[in-house]
1. Hey, could you check segment B:9-44 for residues that are of a type in the set (D, E, K, R) and at pLDDT 95 or above and say which is surrounded by the most Cβ atoms within 10 Å (Cβ to Cβ)?
2. Given the residues B:Leu62, B:Leu79, which is the only one that is at pLDDT 95 or above and under 15 Å from the mean Cα position of the chain (by Cα)?
3. Please go through (1) within 12 Å of the chain's Cα centre (by Cα); (2) modelled with pLDDT of 95 or more for A:Ser45 and return the number of the only condition it doesn't satisfy.
4. For segment A:72-88, what are the residues that are more than 13 Å from the chain's Cα centre (by Cα) and more than 11 Å from chain B (Cβ to nearest Cβ)?
5. From the residues in segment B:35-76 that are among the basic types (Lys, Arg) and outside any loop (DSSP other than H, G, I, E, B), which one is farthest from the other protein chains (Cβ to nearest Cβ)?
6. If only one of B:Arg87, B:Arg93 is facing chain A (nearest Cβ under 7 Å), within 29 Å of B:Ser18 (Cβ to Cβ) and surrounded by 15 or more Cβ atoms within 10 Å (Cβ to Cβ), which one is it?
7. Of all the residues that make up segment B:9-33, how many are closer than 15 Å to B:Ala108 by Cα and in contact (Cβ under 8 Å) with a residue 12 or more places away in the chain?
Amino acid sequence: MVFKGNSAMIDYDKITKTLVSTLEMVFPDFPAEVKPDYEDELIISVNLFAVPSEALNEVKHKVYSLCDSLLEGTGYLAGIVVRDIERTRLYYPEFLPPSPPLALAQVMFQQELLTERGYSQANHYMSQATYEYAQISGDDFAQAA
Amino acid sequence: MLDVKAEENWRAYQNCMSERCYNAAASRLYYSVFQVIFLWAQKKKNYKDNPVKSIHAEMIGLVNKIVDQQEMPFTLNDLRELRELRRVADYERDMLNRDEIVRHEPLANIMRMWFLKEIQR
């Protein structure tokens, strides 16, 4: 941790964009949100969503390390909350990434690749999406992180 | 007086837990630590109010300096996590549960006692 509280302030928008793009690059499977803190001007709130509970601590440590190194010398400090899949599903469903079958179905619809059989298959994927999402192994996410 | 308020927050935390008011408990738990740190900053670090609205970051910054200098029974991230728990409790959409709060209690108490002892030295 390198925050000293009195460093020269650096452009806030530039910092938040860098945080978002870096988090998206390092954790492509976990949606990230970066926003101003509700009450402290030097804290930037960083939220990461839909992390498998088995990988929560490991991902959290990596996010701390990543944000601290990105914010070093800027005068800002990251306030980090990492939420698991269940909490994301309950309270922040808009941050649930599409399940692999749902994503595939969306691509098929978008690209108009659907034959009669394909349409039926895509519908099946979309109807199963929630179920399939729950079946994704935590190990898969941990490895991705 | 801040030490009295910190103690009051610690008791309020325990009462909130008994009443299963977990979001309020998280908020009180954080303030039972924060107010002791704020008092320590004023008494031992000659902390003066800063015009920038950043009291929590300022306290974390001061604690960071001593964590860098000496071995401590807690880490800086323990304090940061406690603060973010309180952010969730006070501002975010999600409801906290008992386990999430209880996990932070031992270290919060260690932090509280450590700073109280430092103030009295």
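1. Among those residues, the one meeting the criterion is B:Arg28.
2. Sole residue among the options that is at pLDDT 95 or above and under 15 Å from the mean Cα position of the chain (by Cα): B:Leu79.
3. Here A:Ser45 meets the rest and fails (1).
4. Residues satisfying the conditions are A:Glu72, A:Gly73, A:Thr74.
5. Residues of segment B:35-76 that are among the basic types (Lys, Arg), as a first pass: B:43-45, B:48, B:53, B:65.
Filter once more, keeping what is outside any loop (DSSP other than H, G, I, E, B): B:43-44, B:65.
Numbers: B:Lys43: 18, B:Lys44: 16, B:Lys65: 7 Å.
Per the stated criteria, the residue is B:Lys43.
6. Within the list B:Arg87, B:Arg93, the selection yields B:Arg87.
7. Summing the residues that are closer than 15 Å to B:Ala108 by Cα and in contact (Cβ under 8 Å) with a residue 12 or more places away in the chain in segment B:9-33 gives 14.
The values are calculated or read from the model by the stated rules, or taken from the named source; none is laboratory data. None of the values given here were measured: they were computed from a predicted structure. All Cβ positions, even for glycine, are placed from backbone atoms using ideal geometry, and neighbour counts span all protein chains on display.
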